[in-house]
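Notes to accompany the following structure.
The values are calculated or read from the model by the stated rules, or taken from the named source; none is laboratory data. Nothing here was measured: the structure is a model prediction, and the numbers come from that model. Neighbour counts are summed over all protein chains in view; Cβ atoms, including those assigned to glycine, are modelled from backbone coordinates with ideal geometry. Ligands, DNA and RNA are stripped out before the accessible areas are found, and what is left, the full protein with its side chains, is counted by its heavy atoms. Shrake-Rupley method; radii C 1.70, N 1.55, O 1.52, S 1.80 Å.
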Amino acid sequence: MNRDFFKYQAQTTPFASGFEVEKAEGSYIYGKDGKAYLDFVAGVSANTLGHSHPKIVKAITEQAGKYLHVMVYGEYAQEKPVALCQLLAKATPEPLEVTYLVNSGAEAIDGALKLAKRYTGREEIISMVDSYHGNTHGALSVSGNETHKREFRPLLPMVNFIRFNDEAELQKITEKTACVIAETIQGAAGFLVPDFSYYKKLKSRCEEVGALLILDEIQPGFGRTGKLFSFEHFGIVPDILVMGKGMGGGVPVGAFMSSKKIMETLSHSPKLGHITTFGGNPLIAAASFATLTEVLESGLMEQTQKKEQLFRELLVHPKIKNINGMGLMLAVNLENPDYTLSVAKKCMEKGLIVFWQLYRNEYMRLSPPLTISEGEIRKGCQIILECLNEINE
Ligand code: PLP
């Protein structure tokens, strides 16, 4: 155990495992204990292409050899951030066109909320019960879990909540609403996929009253559900798209994207409507551009459905109640949070990393890299089944 980790590196959980990492490559993390661990969590959906993908490492190394940080956001035209934003514009449907690069998912959420308020001139934000959008004051304000918010009030005013995937609630969106924000697939709540018709109705209600629709794709983003972004499954396009995590392939990043018309409102009255020193950092942009290029060109996205199917075929056990989710973001319902924790610990002992969902600890999280092989899926599922057989509730 690394005592200095617990002594000097601030923790906000009493339960950190303190697992010590030697190196990581592909679908494996290698511990300082000399063991290899198959990773079904991928840095909580961040390592889209597995660990230390050679193309990402090459892109970072090449950029590091040229220059690192040179100026705050938006002043200089730097090759990699420009290329990333251009490729995002090409790869997403209209009217999504311009991208503002930031440092994390939560910052991207804050930027998106500011943009919606600024564009509409309205104050009310509507979010979803059980949503998770991050931990800055702004992102926490629109997150729909009281336990995580209570002690940090006052938060943003004028934030109201509706139930996710409940059409009857859509009437609460009115002419006073600046924006509705939703995770396209609710993550912390257990990878909840809404009914197919839900987003069309939500979007049309937003259009009716002039509210903007913000979709948080921080977890599905970059291909995890078989499309670059999961809203593409639902036949709509958000007014503001938020991404993070998996777009970096292992480096810290976030972004919000919209039409030029909407985004321009952050550039006047006041100008500098959102600024950040390191947003659009060339090293990070190089990694993200390499990730996006590989996701678009490798055929990995197209394989996710088959891989999901394999997980579903293999993970059949009396202790598994159901499996939520889509593509390679799956939540396995073991009904009892303590049991799920015991299974996760046992899996780790046997060389498999799994986790649990933030609000619904009874759900075991499976979000492996898109590069996971069929053999690795079989191997990991075998370990899970062994653990379920060995541990009694
Ligand atoms: N939104 C969703 C759906 C997330 O899953 C997360 C992170 O888990 C965030 C926002 C916040 O992103 P970050 O942790 O990069 O601030």
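For Asn103, indicate whether it is more than 15 Å from the ligand (Cβ to nearest atom) and modelled with pLDDT of 95 or more.
no
Residue-by-condition table, conditions (1) more than 14 Å from Ala112 (Cβ to Cβ); (2) out of contact with any Leu (no Cβ under 8 Å at 6 or more places or on another chain); (3) not assigned by TED's automatic domain parsing to the domain that holds Thr136:
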position: Cys179; (1), (2), (3): no, no, no
position: Phe234; (1), (2), (3): yes, yes, no
position: Val237; (1), (2), (3): yes, no, no
position: Leu241; (1), (2), (3): no, no, no
position: Gly246; (1), (2), (3): yes, yes, no
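Checking the condition among the acidic types (Asp, Glu), closer than 30 Å to Leu113 by Cα and in a helix (DSSP H, G or I), which residue from Glu264, Glu302 passes?
On the way: Glu302 fails: closer than 30 Å to Leu113 by Cα.
The match here is Glu264.
What is the residue count in region 110-140 for residues that are more than 13 Å from the ligand (Cβ to nearest atom), free of Cβ contacts under 8 Å to residues at least 60 places away in the same chain and touching a helix residue (DSSP H, G or I) at 6+ places or on another chain (Cβ under 8 Å)? I'd like the intermediate steps shown before the answer.
So the first thing to find is which residues in region 110-140 are more than 13 Å from the ligand (Cβ to nearest atom), and the list is 114-126, 129.
Filter once more, so that each one left must be free of Cβ contacts under 8 Å to residues at least 60 places away in the same chain: 121, 123-125, 129.
Add one more test, that the residue is touching a helix residue (DSSP H, G or I) at 6+ places or on another chain (Cβ under 8 Å), and what stays is 123, 125.
Of the residues in region 110-140, 2 are more than 13 Å from the ligand (Cβ to nearest atom), free of Cβ contacts under 8 Å to residues at least 60 places away in the same chain and touching a helix residue (DSSP H, G or I) at 6+ places or on another chain (Cβ under 8 Å).
Between a residue in region 93-109 that is over 24 Å from Gly187 (Cα atoms) and any residue that is crowded, with 21+ Cβ neighbours inside 10 Å and of a type in the set (S, T, N, Q), which pairs come within a Cβ distance under 9 Å, given they are 6 or more apart or on different chains?
Hits for this filter: Pro95/Ser258; Glu97/Ser258; Val98/Ser258.
Going residue by residue through region 138-155, is there one that turns out to be part of a helix (DSSP H, G or I), farther than 27 Å from Gly223 by Cα and in contact with a strand residue (DSSP E or B) (Cβ under 8 Å, 6 or more places away or on another chain)?
yes
If the Cβ limit is 9 Å and pairs must be 6+ apart or interchain, which residue in region 38-50 that is closer than 17 Å to Ile284 by Cα pairs with which residue that is aromatic (Phe, Trp, Tyr) and not in a loop (DSSP other than H, G, I, E, B)?
Final answer for the pair search is Gly50/Tyr28.
For region 77-130, enumerate the residues that are open to solvent by 60 Å² or more (accessible area, probe 1.4 Å), among the acidic types (Asp, Glu) and part of a helix (DSSP H, G or I).
Glu79
Being within 12 Å of the ligand (Cβ to nearest atom) and closer than 22 Å to Met364 by Cα is the filter here, so list the residues in region 193-232 that pass it.
Of everything in region 193-232, those that are within 12 Å of the ligand (Cβ to nearest atom) and closer than 22 Å to Met364 by Cα turn out to be Asp216, Glu217, Ile218, Gln219, Pro220, Gly221, Arg224, Ser230.
For the structure I just gave you, tell me whether Ile173 is open to solvent by less than 80 Å² (accessible area, probe 1.4 Å), more than 14 Å from Ile214 (Cα to Cα) and away from the ligand (no atom under 16 Å from the Cβ).
Working: open to solvent by less than 80 Å² (accessible area, probe 1.4 Å): yes; more than 14 Å from Ile214 (Cα to Cα): no; away from the ligand (no atom under 16 Å from the Cβ): yes.
It is false that Ile173 is open to solvent by less than 80 Å² (accessible area, probe 1.4 Å), more than 14 Å from Ile214 (Cα to Cα) and away from the ligand (no atom under 16 Å from the Cβ).
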